[in-house]
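What follows draws every value from the coordinates through simple rules; no lab data is involved. Model, not experiment: these values are computed from the prediction. Note that each Cβ is placed from the backbone with ideal geometry, even for glycine, and that neighbours are counted across all protein chains shown.
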Amino acid sequence: MGATLKEILIHQDGHFGPYGGRYVPEILVPIMDDLRDAFFTAIQDDQFVEELKYLHKHYTGRPTPLYYCENLTRRLGGAQVYMKNEGLLHTGAHKINHCLGQALIAKKMGKTRVIAETGAGQHGLATATVCAKFGLECIVYMGAKDYRRQRPNVFWMEQLGATVIPVAEGGQTLRDAINAALRDLISNPSNTHYLLGTVCGPNPYPAMNTYFQKVIGEETREQMIDQTGGLPDHMIACVGGGSNALGFFYDFLDDPNVKLTGVEAGGKGVDGVEHAARFEGGKVGVVEGFKSYFLQNEEGQLADTHSISAGLDYAGVGPQISYLKDDGRVRFTYAKDDDVLKAYQILAKTEGVFAALESSHAVAEVIKLTPTLDKTKTVVFNCSGRGDKDLFIVTKEMQDEKFSEYLRDQVRDV
């Protein structure tokens, strides 16, 4: 009997079909070996697992609610819509799940310094938070473009004691922050843990972060059965690197009647170059320590990308996500910036929930898919983060002159 999808996506080897692996400088091999061994040992340790559960319940705020979107359902006129609200977690997004787990691993390994990359800032904020809690030095690398457009999260990270370093190289986005973090790890291999923020990177990061994120789907299964008496018919999540999607989907991978949809960043349209939809024109390559799909230019270098959401503005996707795409278990689509903004507004005005712009990609697909389904069907989407971090992006895009004038007044008063 062959391995299940769940077994394939979390294992020590770090290969997922042709994807994954570990393509790193020789100096990093023993560091990654130590991290892999520490992680797989820890998750077999009852004391570690219980400590993680305790902190989830009493520190981060799990379980997060599964909410029936009655008003949105009525508006769309099709299937029944439910929302898994990860935005209610401490720090406002699912990122705290793997940050908490990796911080515990770092402590067990005797590390005193943590580095991280961040795009939208939610991973950096969660990293700074757990470092403050556990007394770890924290350095966060952030593309200079993201540093500017997610300035509120920079402020919060610095208040937590983190040093935030804007990276002015390349496209000044997430991929450049990852490169800077890898260079740091090479320079400081003994005392530093690289707290990578999604299911990308060299082995063991994809499997490790999937393990720490799978609590989302485990809770969703229990909550759906409790509220509806059965499993959902459709599950929808946005896909950047892939951590929220894999965490949401993981517990349902071996339930073939549950249809899974991942939504990439369509940006200004996939016919041009201003998007981050890796499965619309991307090619398989080896970048930043792993093999997967990447958007590449004619020279084979990572292509510049665009998304209204900083967290999806990345040229690559996690290797397990690529495996699931080729396997056909997950259907992939994309949402364009204009549709994302509309979805953001519709969810706010129907349910009183401000979703992160990343999560609003999933909402856009909910709005598109739900009316085509029978009212007996159920759709669950992962609201992976809340939208207050996107205040300045949304204000600019919606041309809110009243708020812009308020900001100008505040600047004049400084």
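Near Ile321, once Lys and Arg are set to +1 and Asp and Glu to -1 for all other residues with Cβ below 11 Å from its Cβ, the sum equals 0. The stretch between Arg221 and Asp326 holds 35.3 nm of extra length on full extension. This uses 0.36 nm per residue minus the Cα-Cα distance. Summing Lys, Arg as +1 and Asp, Glu as -1, what charge do residues with Cβ under 12 Å from the Cβ of Val379 carry, Val379 excluded? Summing Lys and Arg as +1 and Asp and Glu as -1 gives +2. Here the sum of -39500 (n - 2.57) over DSSP H runs of 4 or more residues, divided by the residues of the chain, equals -13000 deg cm²/dmol at 222 nm, to the nearest 500. Among Val363, Val258, Val199, the residue with the largest mean-square fluctuation in a Gaussian network model of the chain, with springs joining Cα atoms closer than 10 Å, is Val258.
Kirkwood radius, segment 355-414, all distinct C-alpha pairs, inverse of mean reciprocal distance: 14.0 Å.
By the rule of a second cysteine Cβ within less than 4.7 angstrom, the chain holds isolated cysteines at Cys69, Cys99, Cys200, Cys238, Cys383. Taking 0.36 nm per intervening residue step and subtracting the Cα-Cα distance, what contour gain separates Glu70 from Asp255 on full extension? Length difference between fully extended and current span is 64.0 nm. Once the Cβ-Cβ distance of Phe40 and Lys375 is raised to the sixth power relative to R0 = 41 Å, the FRET efficiency obtained is 0.35. Each Lys or Arg adds one and each Asp or Glu subtracts one; over the other residues with Cβ under 11 Å from the Cβ of Leu174, this totals -3. For Glu397 and Tyr59, the difference between the fully extended length at 0.36 nm per residue and the C-alpha to C-alpha distance is 118.2 nm.
Our Cα-only numbers for segment 192-346 put the radius of gyration and Dmax at 15.8, 53 Å.
Highest mobility in the GNM of the chain, judged by mean-square fluctuation with C-alpha springs under 10 Å and restricted to Ala348, Ala207, Ala362, is found for Ala348. For Tyr141, the residues 5 or more places off, or on other chains, whose built amide H falls under 5 Å of its own are Ala116, Glu117, Thr118, Ile165.
Computed 3J(HN,Hα) for segment 273-278, one whole-Hz value per residue from the Karplus formula 6.51 cos²θ - 1.76 cosθ + 1.60 where θ = phi - 60°, is 10, 8, 7, 9, 8, 5, glycine and proline marked x. Please state, as a whole number in µm²/s, the translational diffusion coefficient that the Stokes-Einstein equation yields for segment 1-102 at 4 °C and 1.567 mPa s, with Rh defined as the Kirkwood radius across alpha carbon pairs. D = 75 µm²/s.
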